[in-house]
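Worksheet for the structure shown next.
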Amino acid sequence: MENAEKRKVVFSGIQPSGNITLGNYIGALRNFTLFDDADCLYCLADLHTLTVRQNPAELRRRTASLAAIYVACGLDPDKNIIYCQSHVPAHAELAWILNCYTYMGELSRMTQFKDKSQKHADNINAGLFDYPVLMASDILLYQTDIVPVGVDQKQHVEICRDIAQRFNGIYGDVFTVPEPYIPKATAKIMSLAEPERKMSKSDPEDTYIAILDKPEDIRRKLKRAVTDSDGEIRFDPETKPGVSNLLTILSVLKKETMKETVSAMQGLGYGALKEAVSEAVIAELTPIQQRYNEIIADKDALNAMLGRNAERAYALARRTLRKVYKKVGLYQL
Ligand code: TYM
């Protein structure tokens, strides 16, 4: 703001609500490392997980584990602000204010709310309904320009933009209006069991590959991955979702174009395709798992990193929050 060449701000988050999957990695985490010239913040979205019942001990364990995964995937915690959402109270504080600028109608149109209400029909709590407002507050607190996410979060980034624009329309330019960053080819990695649906950490274990899966589990799960009966290796997500999903994973991890991957696999059987995908996934995940094991073994260092980075995040968040409080007319001392 002060100078013309303000660095871009990148913000994203992942919920520590289950095993982090290959879908999270390919659709989001891997892209977090692409923004060398920006100021990047990546949070562990622990407050969001409470919208579905969690086992408290598991949640704590998964949160630390996700922090270690971020670093193991190549995010340098001195350059990127890696922190826990609940350690920065400004997220919940701004969410309250933004609630008063968000309509029930727009929240009830969110597809994730509709899906999760069906899945957790016994616990349709107000937090589940309000989830996108907390997410908007995550993003808007840091004057974020770019939000790297998978396509399932696109609608939430859109409502965040709507809220920001509405607020700016009343009070002047308070928030930067963010753009989603969703590369088309990897926007949605599909379930191994039902390739018409996205791979999800809240589904049964055999339907996804976890970043921390052992090689033998990766091979076993991929061997069982649902394909089709025509036997031809061809990229066609409409009619061949299973095979196309495997091809997507393979081409991304081998850093090839889809054309190159398909032609390398031409004439081979599905067994060979699954074997090739297994090898590529294992080659990608093995070094990540090695780094992960070192990082998670030193809990003190991990906690110190999270503490340091929560302070850095809070210092930034406070500036926006103070401005918002002032604009809406809360009494200042
Ligand atoms: P979550 O934890 O469900 O997913 C984390 C990220 O992974 C992406 N993703 C996928 N991408 C491709 N294929 C898949 N099968 C797949 N599954 C998940 C998601 O799109 C997401 O980018 N609400 C968010 C977390 C969050 C957040 C934020 C994100 C909280 N605050 C602020 C961005 C900005 C969520 O539940 O993601």
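The values are calculated or read from the model by the stated rules, or taken from the named source; none is laboratory data. It should be emphasised that the depicted structure is a prediction, and the values quoted were computed from it without experimental measurement. Here the Cβ positions follow ideal geometry from the backbone for every residue, glycine too, while neighbour counts run over all protein chains shown. Surface areas here come from the heavy atoms of the whole protein model, side chains and all, with no ligands, DNA or RNA. Shrake-Rupley method; radii C 1.70, N 1.55, O 1.52, S 1.80 Å.
Quick look at the values:
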{"item": "Inter-centroid distance (Cα atoms) of region 16-34 relative to region 267-333, Å", "result": "9"}
{"item": "Span from the region 44-72 Cα centroid across to the region 83-128 one, whole angstrom", "result": "17"}
{"item": "Helix-only mean residue ellipticity at 222 nm for the chain, each DSSP H run of n ≥ 4 adding -39500 (n - 2.57), per residue, nearest 500", "result": "-16000 deg cm²/dmol"}
{"item": "Degrees separating the helix 126-140 axis from the principal Cα axis of the chain, which is the longest one", "result": "80"}
{"item": "Per residue Cα convex hull volume in Å³ - calculated over the chain", "result": "151"}
{"item": "Whether region 111-202 is rounded, prolate or oblate, judged on the alpha carbon gyration tensor where a/c under 1.5 counts as rounded", "result": "oblate"}
{"item": "Accessible carbon and sulfur surface of the chain relative to its total accessible area, %, 1.4 Å", "result": "52"}
{"item": "Kirkwood hydrodynamic radius (C-alpha pairs) into Stokes-Einstein, region 1-129, 4 °C and 1.567 mPa s, D in µm²/s", "result": "78"}
{"item": "Residue-normalised accessible area of region 163-301, given per residue in Å² at a 1.4 Å probe", "result": "52"}
{"item": "Under-5 Å amide H pairs with Thr21, H placed in peptide plane, nonlocal only", "result": "Ile211"}
{"item": "Of the GluC sites (Glu not before Pro) in region 164-259, those whose Cβ has at most 12 other Cβ within 10 Å and which sit in DSSP loop", "result": "Glu196, Glu232, Glu238"}
{"item": "Per-residue HN-Hα couplings for region 144-153 [Karplus 6.51, -1.76, 1.60; θ = phi - 60°; Hz; x = Gly/Pro]", "result": "5, 9, 10, 10, x, 8, x, 5, 5, 9"}
{"item": "Karplus-derived 3J(HN,Hα), 6.51/-1.76/1.60, for each residue of region 304-319, Hz, glycine and proline x", "result": "4, 4, 5, x, 4, 6, 5, 5, 4, 5, 5, 4, 6, 5, 4, 4"}
{"item": "FRET E, pair Thr286, Lys255, Förster distance 25 Å, beta-carbon r, rounded to 0.05", "result": "0.90"}
{"item": "Global geometry of region 268-333, whether rounded, prolate or oblate, following the gyration tensor of its Cα atoms and the 1.5 cut on a/c", "result": "oblate"}
{"item": "Global geometry of region 1-47, whether rounded, prolate or oblate, following the gyration tensor of its Cα atoms and the 1.5 cut on a/c", "result": "oblate"}
{"item": "Heavy atoms of Ile296 accessible to a 1.4 Å probe, total area in Å² rounded to 10", "result": "50"}
{"item": "Fully extended contour minus Cα-Cα distance, from Tyr331 to Lys8, at 0.36 nm per residue", "result": "113.1 nm"}
{"item": "Cα-only Debye scattering, region 176-291: base-10 log of I(q)/I(0) at q = 0.16, 0.18 Å⁻¹", "result": "-0.74, -0.93"}
{"item": "Point-to-point label distance, Glu179-His120, nm (Cα→Cβ direction, 7 Å offset)", "result": "3.4"}
{"item": "All aspartates and glutamates inside 13 Å of Lys184 as judged from Cα atoms, apart from same-chain residues fewer than 8 positions distant", "result": "Asp152"}
{"item": "Mean separation of Cα contacts under 8 Å (6+ apart) over length of the chain, as relative contact order %", "result": "22"}
